[in-house]
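Enquirer: Here you go, one structure.
Coordinate-derived values only; no laboratory data. Worth saying up front: this structure is predicted, and the values here are computed from it rather than measured. Note that each Cβ is placed from the backbone with ideal geometry, even for glycine, and that neighbours are counted across all protein chains shown.
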Ligand code: ADP
Ligand code: MG
């Protein structure tokens, strides 16, 4: 039995298949242009809409591939298929170089850099005599496959849309995978993603290269469909149009690429006809009308058209709990009582402020250690030093005897530390299930390519089943499919714990998990933590709430002004005059 959205997909595919047989030539051409643009925009949907990397320069990759294939086939007599491989390699290489330099830039600087390389490439094409300067290269051969030549508009249509449909499916598969979850975290949650083992710099580069490859594919198709290339198709305007298409379509949904590409292409084409007719002039007023329409569209549908349209589409069935699957890789656990974490002489300054001064303590496997102290005492800073989110000025941290200080957060995560954040750090528009599955990132290994080809399904089933088990373990089973950001703050904190548990940690670091919880929720959390200790987990609990800590922890370390004030059993700490003076004074 097909669900409504699958039926819709089949109908769309059928319509695409018969369209060129029924429509006049003009519309077939238009559909070819839409297909080409969709490829480029699809790269932007993943890169800009999902990962948050804004590029105005995609036309440079389209142009580079178009020129490469035109040059190779006309000047050197290569076959189009041979030059497909070469031009994609060229574009990927360009993207690696450009990305390595520009992806380090943040925000506006990155976007400005994309404009700069777009302009540079345009003038490069226009000025090289070998590439025909501003008149370009013509007589580019058509693509042929098994004796079949794609040399008419209708034939090229099938070639273009085969690639475009495949790219749409691949992008959809990518976003629905282990790597896809990590890509979704890139935009606002890089620090969190690093803490769960994602190499965010590498992932950004991968996303950037993939978008460039899609643009390159469009460029190759463009050259062999139009049978000539000239620099004018790859000017800065084109780059802005692509970005516009992504925004208009709805930059966070795969099929928003088709919607955006279609609307912009059709609008531009029809305005060229309508505006001069209505205004009785041949002056180029259509650009102004086009701009005004775009403003109106953006004003009316801020997230693009795709989300607005999807409200009208038939709803799919509510997703079920992921089916049970084998447990993904588990760590070897040390015996209870083994020294697990050793911290020696940790120091951290922020300018003139000494946030952490000479802090030492240790945790044994199977215990809950509380790290308490007044606000601003330096607890979260210690926490960030241990998890690698901040680098210590000096001091040593060892996990099971192996030094972990100075390592990046993702490496520390790999060695068995998992954390929550004092300020909730979830991907809010992603489901609870996907957020928690991101915690299990390091228990899987399949990359973006496997995801696109759906070669990751058995691993993915294991990760999702594991995430579901952890969500049920913390008692949030009924909220599995809700968007994480839609839960009350207290429950979001529990989702953070489930995500950390999904990493199968040796040591669980919790930063103020009880903050903002109501009394009953605090008791439930306390019960959960005791249960986890019973199951052999080791926990470092940073807490402000004394009452919550006292009944729960095995030992306490008290901090004040960055220094260790006291350490010992909860009863001893409660009786310690210095602690009462500094911390409990206000409460008792
Ligand atoms: P706690 O978690 O115990 O409330 P923190 O570790 O967050 O305390 O902060 C300790 C001190 O360090 C505070 O005075 C805080 O203002 C300062 N601090 C924390 N992070 C930074 C930072 N990134 N830059 C500058 N100062 C910071
Ligand atoms: Mg804190």
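Enquirer: If one computes the Cα centroid of region 310-370 and of region 139-195, what distance in Å separates the two points?
Expert: Here the answer is 36 Å between Cα centres.
Enquirer: Could you order peptides 217-230, 477-490, 370-383 by the average number of other Cβ atoms within 10 Å of their residues, highest first?
Expert: By packing density, highest mean first, the sequence is 217-230, 370-383, 477-490.
Enquirer: So what does log10 I(q)/I(0) come out to for the chain at q = 0.07, 0.08 Å⁻¹, using the Debye formula with one equal point on every Cα and no solvent?
Expert: Log10 I(q)/I(0), no solvent term: -0.53, -0.66.
Enquirer: Given contacts defined as C-alpha pairs under 8 Å and at least six residues apart, what's the relative contact order of region 217-335, whole-number percent?
Expert: Result for region 217-335 is 23 percent.
Enquirer: Can I ask one more? Against the longest alpha carbon principal axis of the chain, how many degrees, from 0 to 90 and to the nearest 10, is the axis of helix 519-534 turned?
Expert: 80 degrees
Enquirer: Could you state the angle between the C-alpha long axis of helix 80-102 and the longest principal axis of the C-alpha atoms of the chain, as a value from 0 to 90 degrees rounded to the nearest 10?
Expert: Between the helix axis and the principal axis of the chain, the angle is about 40 degrees.
Enquirer: Then there is this: Considering Cα pairs under 8 angstrom that are at least six residues apart, work out the relative contact order of the chain and quote it in whole percent.
Expert: After rounding, I find 17 percent.
Enquirer: Follow-up question, since we're still on this one. Rounded, prolate or oblate: pick one for region 230-337, where a ≥ b ≥ c are the square roots of the eigenvalues of its C-alpha gyration tensor, a/c under 1.5 means rounded, and failing that, prolate if a/b is larger than b/c, else oblate.
Expert: Taking the square roots of the gyration eigenvalues as a ≥ b ≥ c, region 230-337 is prolate.
Enquirer: On a full-extension model of 0.36 nm per residue, what is the gain between residue 478 and residue 278, subtracting their alpha-carbon distance, rounded to one decimal in nm?
Expert: Separation in residues times 0.36 nm, less the Cα-Cα distance, equals 66.2 nm.
Enquirer: Quickly estimate the mean residue ellipticity at 222 nm for the chain, helices only: each DSSP H run with n ≥ 4 gives -39500 (n - 2.57), and the total goes over all residues, rounded to 500.
Expert: -17000 deg cm²/dmol
Enquirer: Label point 7 Å out from residue 285 along Cα-to-Cβ: which residues of region 250-275 have amide N under 14 Å?
Expert: Counting only backbone N, you get 271-275.
Enquirer: State the antiparallel share, in %, of DSSP beta bridges confined to the chain, rounding to the nearest 5.
Expert: Bridges in the chain are about 60 percent antiparallel.
Enquirer: Would you please put 42-49, 529-536 in order of how densely packed they are, using the mean number of other Cβ atoms within 10 angstrom per residue and starting with the highest?
Expert: 42-49, 529-536
Enquirer: Can you give the relative contact order of region 314-455 as a percent, counting alpha carbon pairs under 8 Å and 6+ residues apart?
Expert: Relative CO of region 314-455 lands at 20 percent.
Enquirer: Also, I was wondering about something else. Compute the acute angle (0 to 90°) between the alpha-carbon long axis of helix 236-249 and the principal axis of greatest extent of the alpha-carbon atoms of the chain; round to the nearest 10°.
Expert: On a 0 to 90 degree scale, this one is about 60.
Enquirer: Please sort 267-279, 167-179 by packing, taking for each peptide the average over its residues of neighbouring beta carbons within 10 angstrom, highest first.
Expert: Those peptides, ordered most packed to least, come out 167-179, 267-279.
Enquirer: May I pose another question? Cα centroids of region 18-38 and region 235-267: how far apart, whole angstrom?
Expert: Here the two parts' Cα centres lie 17 Å apart.
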